[in-house]
Amino acid sequence: MSDEELVAYFEHAILPDTLRLDRATTQYRVKQAVKTNLEAMMADPKDHRSRYRLARIAAAIEHPFAGQEIPRF
């Protein structure tokens, strides 16, 4: 996704409070994370980390992870 597509996607997305990204990762405070990453992405055009995080959040919103968590010992 381009920067414009990411901004447009998150302007209209309904964001949950907590989102499971994959088996080992849970994103808490999704709204705050999206806001912070969008600001960082707009401030620095070379910032690939924010784009990656936003793309992972967008993918998890569209296709939620439904598998088991990593077992805790």
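Here, each number is a calculation from the coordinates, and none is a lab measurement. All values reported here derive from a predicted model rather than from experimental measurement. Using ideal geometry, Cβ is built from the backbone for each residue, glycine included, and neighbour counts are taken over all protein chains shown.
Annotations
- Net charge of neighbours whose Cβ lies under 15 Å from the Cβ of Glu69, counting Lys and Arg as +1 and Asp and Glu as -1: +2
- Listed candidates (1) 93; (2) 149; (3) 315 - label of the one calculated as volume of the Cα convex hull per residue in Å³: (1)
- Helix axis angle, 3-12 relative to the chain longest principal axis, alpha carbon, degrees: 60
- With a simple spin-label model that places each label point 7 Å from the Cα along the Cα-to-Cβ direction, the separation between Ala43 and Arg29 comes to 1.5 nm.
- Across the chain, the relative contact order, built from alpha-carbon pairs under 8 Å that are at least six residues apart, equals 35 percent.
- Our helix-only sum for the chain, with -39,500 (n - 2.57) per DSSP H run of n ≥ 4 divided by its residues, gives a mean residue ellipticity at 222 nm of -17000 deg cm²/dmol.
- Summary of packing: across the peptides 10-16, 52-58, the per-residue average of other C-beta atoms within 10 Å ranks them, highest first, as 52-58, 10-16.
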